[in-house]
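Values quoted throughout were computed directly from the atomic coordinates according to the rules given, and no laboratory measurement underlies them. Note that the structure is predicted; figures quoted are calculated from it, not measured. Note that we place each Cβ from the backbone using ideal geometry, even for glycine, and neighbour counts take in every protein chain shown.
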Amino acid sequence: MKSSIRLQAALVSLAMVAILLVCWQFATTAGKQAQHAPMTPEQKEYAQLMGQTPGDQSSEPKSDGFPTPAQFFSAAAQNLAHPFYDHGPNDKGIGIQLGHSLLRVAGGYLLAVIVSIPLGFLIGMSPLLYRAFDPFIQLLKPISPLAWMPIALYTIKDASVSAIFVIFICSLWPMLINTAFGVANVRREWLNVARTLEVSPLRKAVQIVLPAAAPTIITGMRISMGIAWLVIVAAEMLVGGTGVGYFLWNQWNNLSLTNVLFAVLIIGVVGMLLDQLFARLQKKVTYAE
């Protein structure tokens, strides 16, 4: 039954992709035909004012327009064929740019894990700490991660480290809240049994609380990773230098819509793979009561 549903879902997905490609091809072909339409009197007059001869190809607006599917796949193949080339600060392969982004995400994310999970354990196990930290969490949680970028740039004075700090901030809250929630909602019966058996606090935290709260903690880590990958693209557009966000913005400045679409696809694929990684981990720690 499950395999049948998976096959049907795959066929529906392929049909949707095919429809999208057909619509894309039709829209871009119609647009390019419109670009070759005869010049209007106003366009001819404008060309004369610019010192150009109406009717010449040089007098027509030079624009590649939105790429066709064939142009997109051709550019994607070129980028993937040489992903690690380095021809200078503004001309690096997508593999190098993606590596910089993943390193920044990993740095900020690991710092958030180190801080949020132990702190979430303490908050979840102590009603006093829960009430004490709750106002600060509710105050800081809604702040956009990018709002911290100017403060980070001013204090840290390093663009790359500032991006890592922004990833740390945006990854902190989902993990902290989910960890505290998971720990605070461990079944009372299990804790009462541990108290009856006089289990030490450390052993209780490791052998009872952690396995019971693990699915909720992994859910928070999964949400944090998704937010971190969203934020790093925007952060790299601001700070520049390297990264897949900078690659996308640089291609836009070069008016290369084909490479912009390719960067968008790469961002989506990597984000999906990261999410699937945590989804598999979540299944391993989820238990049936």
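Can you give the net charge of the other residues whose Cβ lies under 14 Å from the Cβ of Leu191, counting K and R as +1 and D and E as -1? Spell out each step's value before the answer.
Numbers: positive: Arg187, Arg188, Arg195, Arg203, Lys204; negative: Glu189, Glu198.
Residues near Leu191 contribute +3 overall.
Helix 244-253 and the longest principal axis of the Cα set of the chain meet at an angle near 20°. Reducing segment 72-123 and segment 223-242 to their Cα centroids gives an inter-centroid distance of 9 Å. Taking a Cβ cut-off of under 14 Å around Ser160, the surrounding Lys, Arg, Asp and Glu residues balance to a net charge of 0, with basic ones at +1 and acidic ones at -1. Taking max minus min of the alpha-carbon positions on each principal axis, segment 170-246 gives extents of 58, 17, 13 Å, largest first. Each residue of segment 156-168 is assigned a 3J(HN,Hα), and the resulting list reads 7, 6, 8, 5, 5, 5, 5, 5, 5, 5, 5, 5, 4 Hz, derived from the Karplus form 6.51 cos²θ - 1.76 cosθ + 1.60 (θ = phi - 60°), x at Gly and Pro. Modelled label positions at Val12 and Ser74, each set 7 Å beyond Cα in the direction of Cβ, lie 3.6 nm from each other.
Can you pick out the pairs among Lys92/Lys157; Lys2/Lys284; Lys92/Lys284; Lys204/Lys283 whose Cα atoms lie more than 29 Å from each other? Don't skip to the answer; put the middle values down first.
Details: Lys92/Lys157 24 Å; Lys2/Lys284 19 Å; Lys92/Lys284 38 Å; Lys204/Lys283 23 Å.
Flagged as over cut-off: Lys92/Lys284.
Ranking Ala147, Ala235, Phe278 by how far each Cα lies toward the positive end of the dipole of segment 94-285 (charges on Cβ) leaves Phe278 at the top. Scanning the chain for chymotrypsin sites (Phe, Trp or Tyr not before Pro) that sit in a DSSP loop and have at most 13 other Cβ atoms within 10 Å, the longest stretch containing none of them is 86-286. Hey, with R₀ at 35 Å, roughly what FRET efficiency would Lys284 and Ile143 work out to, going by the Cβ-Cβ distance, to 0.05? Once the sixth-power term is evaluated, E becomes 0.55.
Test of the criteria: in segment 181-238, which GluC sites (Glu not before Pro) are in a DSSP loop and have at most 10 other Cβ atoms within 10 angstrom of their Cβ? Don't skip to the end; give the middle numbers.
On the way: sites: Glu189, Glu198, Glu236; in loops: Glu198.
Sites meeting the loop and neighbour criteria: Glu198.
This model, with +1 at the C-beta of Lys and Arg and -1 at the C-beta of Asp and Glu, gives segment 94-285 a dipole about its Cα centre of some 580 debye.
For segment 117-124, the Karplus equation 6.51 cos²θ - 1.76 cosθ + 1.60, evaluated at θ = phi - 60°, returns couplings of 5, x, 5, x, 4, 5, 5, x Hz by residue, with Gly and Pro reported as x.
Size descriptors for segment 70-181, from the alpha-carbon set: Rg then Dmax equal 19.2, 61 Å.
How much of the pair distance distribution for segment 94-285 lies past 23 Å, counting alpha-carbon pairs only, in percent? Summing the P(r) tail past 23 Å for segment 94-285 gives 50 percent. Here's the picture: charge each Lys and Arg Cβ at +1 and each Asp and Glu Cβ at -1 in the chain, and of Gln97, Pro201, Thr219 the one pushed furthest to the positive end of that dipole is Pro201.
Check each of the trypsin sites (Lys or Arg not before Pro) in segment 167-199 and keep only those in coil by DSSP with at most 13 other C-beta atoms within 10 angstrom; list them in order. Can you show the working numbers first?
Working: sites: Arg187, Arg188, Arg195; in loops: Arg187.
Those satisfying the criteria are Arg187.
Note on Met149, Met125: ascending count of other Cβ atoms within 10 Å places them as Met125, Met149, the fewest first. Take the Cα of Leu128, go 7 Å toward its beta carbon, and the backbone nitrogen atoms of segment 173-189 under 20 Å from that spot belong to 180-181, 183-185.
Estimated from helices alone, the mean residue ellipticity of the chain at 222 nm is -25500 deg cm²/dmol (sum of -39500 (n - 2.57) over DSSP H runs with n ≥ 4, per residue).
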